[in-house]
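The values are calculated or read from the model by the stated rules, or taken from the named source; none is laboratory data. Quick caveat, the model's predicted, so the values are computed rather than measured. Please note: Cβ atoms are built from the backbone with ideal geometry, for glycine as well, and neighbour counts cover all protein chains shown.
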Amino acid sequence: MALPGFVAYAPIPIGCGLYLFTLNPEGEPAKIGCGLYLEPAKYLMLAAVARRNRLALVQKPQPRLKPGWALVRVRLAGICNTDIEILRGYHNFHGTLGHEFVGDVVSVASARDKSWIGRRVVGEINLTCAGLGLGRLGQSKMCSYCRRGIPAHCARRRVLGIMGHDGAFAEFLALPVVNLHRVPSAIPDDAAVFTEPMAAACEILEQVNIRAHREACVLGDGKLAQLIARVLRSAGLRVVMIGKHASKLRLARLAGIATARSGGTVPQRVDAYTLVVEATGSPSGLAVAQKITAPRGTLVLKSTFHGAAPVETWPLVVKEITAIGSRCGPFPPALALLRLGRVDPSPLISRVFKLKNAAEAIRYAQNPGILKVLLHSGA
């Protein structure tokens, strides 16, 4: 559909209509009835959105900034297993996918934040009381979790590309400045894009007394499991990775990590490890993890997936296993590991796609043996 003086783009259904876009110099969308909107073309961007468990490539308006927020032009974004699970129904999210990114700050809403403009950044994915502006109103206005110092569990939490906030599979995204971290010049883009999952791996070092263990087992050989194994090894542990894919296990061995194939002799050893990290991304992983964790050992749970995990919990009780759920983590230690070269994630990159080919990239990422797939928003 085309109107004189207007430019039509990929439609986004709203109500009974769609979006149309124009070069309106005022810079504001104009409603023209029946759900149709006009938007200045210079404020449009390409984005890959989840809609009815499918990925759709659309033109949509750039994010509008709130006080204390920044607009980031995305350089690279990483496809995570969570993105794939969202397309299967996880969190029932409908919006722009993606939470792993590196980009440049192109504008800010507040003059006090102008020093961020032009900075290369990565961003924490949880939008909390501080980022939503409640921190400026005092502690009494913040939720109980933010007051306790655990903002990742904020009662008002939104999550970039996962829950209530558009993500990084787009040319631009918006985040509170308090969520941003400057990327040191020594870290290239294809390493910086791993900061968020690397931080999730570093969270284990915050939750577990690593010095109480000499060895750790990482169950799983995928993207996050690979980073976890490398982070644990950088902390001085001997690490064994148990997985299904020969090519992925070979990559782990090149990083100095011992490996074993699922179903082999080593994985069948009951009570073999005092520290086990379950990162298979599969409902079946928890049962195996309980089996190989030693009495009074520690089991860290990292997998998120859509659906239930059919598993007996009696081993947790009988073996007195300490089970720890582990999600997001601290960015500064992750950036430090990348800057110092103590963890090199670049061998984990399987392929880079252009943003316009996001649907193909998602399909490719689900093929056996594939690790990290990146999206490049440039031409």
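Filter segment 277-297 down to the residues that are surrounded by fewer than 19 Cβ atoms within 10 Å (Cβ to Cβ) and assigned to a helix (DSSP H, G or I) and list them by number.
ALA287, LYS291
For SER185, which of the numbered conditions (1) part of a helix (DSSP H, G or I); (2) surrounded by fewer than 22 Cβ atoms within 10 Å (Cβ to Cβ) fails to hold?
(1)
If only one of HIS213, HIS245 is modelled with pLDDT of 95 or more and not assigned by TED's automatic domain parsing to the domain that holds VAL72, which one is it?
Just a single option satisfies the conditions, and that option is HIS213.
Looking for whichever is in contact (Cβ under 8 Å) with a residue 40 or more places away in the chain and more than 26 Å from HIS245 (Cβ to Cβ) here; the options are PRO332, PRO347, PRO315. Which one fits?
Exactly one of PRO332, PRO347, PRO315 is in contact (Cβ under 8 Å) with a residue 40 or more places away in the chain and more than 26 Å from HIS245 (Cβ to Cβ), namely PRO332.
Checking CYS80 against (1) surrounded by 24 or more Cβ atoms within 10 Å (Cβ to Cβ); (2) out of contact with any helix residue (DSSP H, G or I) (no Cβ under 9 Å at 6 or more places or on another chain), only one condition comes out false. Which one?
All conditions pass for CYS80, except number (2).
I want to confirm something. Restricting to segment 298-321 and keeping residues that are surrounded by 22 or more Cβ atoms within 10 Å (Cβ to Cβ) and not aliphatic (A, V, I, L, M), which single residue is modelled with the lowest pLDDT?
Among those residues, the one meeting the criterion is SER303.
Only one of ARG119, ARG88, ARG157, ARG148 is of a type in the set (D, E, K, R) and free of Cβ contacts under 8 Å to residues at least 12 places away in the same chain. Can you tell me which?
Answer to the selection: ARG148.
Where the second residue is of a type in the set (D, E, K, R) and part of a strand (DSSP E or B) and the first is under 19 Å from TRP116 (Cβ atoms) and lies in segment 63-85, which pairs have Cβ atoms under 7 Å and are six or more apart or on separate chains?
Cβ pairs passing all conditions: VAL72/ASP104; ARG73/ASP104; ARG75/ASP104.
Would you confirm, using the coordinates I've provided, whether SER140 is at pLDDT below 95 and among the polar types (S, T, N, Q)?
Yes: the conditions hold for SER140.
If you take the residues in segment 227-245 that are assigned to a loop (DSSP other than H, G, I, E, B) and in contact with a Lys or Arg (Cβ under 8 Å, 6 or more places away or on another chain), which one is farthest from LEU371 (Cα to Cα)?
Once the filter is applied, the top-ranked residue is LEU237.
Pull up segment 91-148, narrow it to residues that are hydroxyl-bearing (Ser, Thr, Tyr) and farther than 27 Å from PRO184 by Cβ, then point me to the one that is surrounded by the fewest Cβ atoms within 10 Å (Cβ to Cβ).
Among those that are hydroxyl-bearing (Ser, Thr, Tyr) and farther than 27 Å from PRO184 by Cβ, it is SER140.
Going by the conditions given, is PRO184 assigned by TED's automatic domain parsing to the domain that holds HIS99, of a type outside the set (Gly, Ala, Ser) and in contact (Cβ under 8 Å) with a residue 24 or more places away in the chain?
For PRO184, the condition - assigned by TED's automatic domain parsing to the domain that holds HIS99, of a type outside the set (Gly, Ala, Ser) and in contact (Cβ under 8 Å) with a residue 24 or more places away in the chain - is met.
Among the residues of segment 348-373, write down those that are assigned to a helix (DSSP H, G or I) and under 15 Å from ASP189 (Cβ atoms).
LEU348, LEU355
Restricting to segment 56-90, count the residues that are over 19 Å from the mean Cα position of the chain (by Cα) and either outside the structural domain of ARG182 (by TED's automatic domain parsing) or acidic (Asp, Glu) (or both).
The qualifying residues number 0.
I'd like to know if segment 154-173 contains one or more residues that are outside any strand (DSSP E or B), over 24 Å from HIS376 (Cβ atoms) and among the aliphatic types (A, V, I, L, M).
yes
So, of the residues in segment 292-306 that are free of Cβ contacts under 8 Å to residues at least 60 places away in the same chain and within 29 Å of the chain's Cα centre (by Cα), which turns out to be nearest to ALA225 (Cα to Cα)?
Checked segment 292-306; the qualifying residue nearest to ALA225 (Cα to Cα) is LEU301.
Could you check segment 320-347 and list, in sequence order, the residues that are of a type in the set (Val, Ile, Thr) and either closer than 21 Å to PHE169 by Cα or not in a strand (DSSP E or B) (or both)?
Listed by number, the residues that qualify are ILE321, VAL343.
I'm checking my understanding of the structure. Among residues of segment 152-171 that are surrounded by 23 or more Cβ atoms within 10 Å (Cβ to Cβ) and out of contact with any Gly (no Cβ under 6 Å at 6 or more places or on another chain), which one is modelled with the highest pLDDT?
Going through the qualifying residues, I end up with ALA170.
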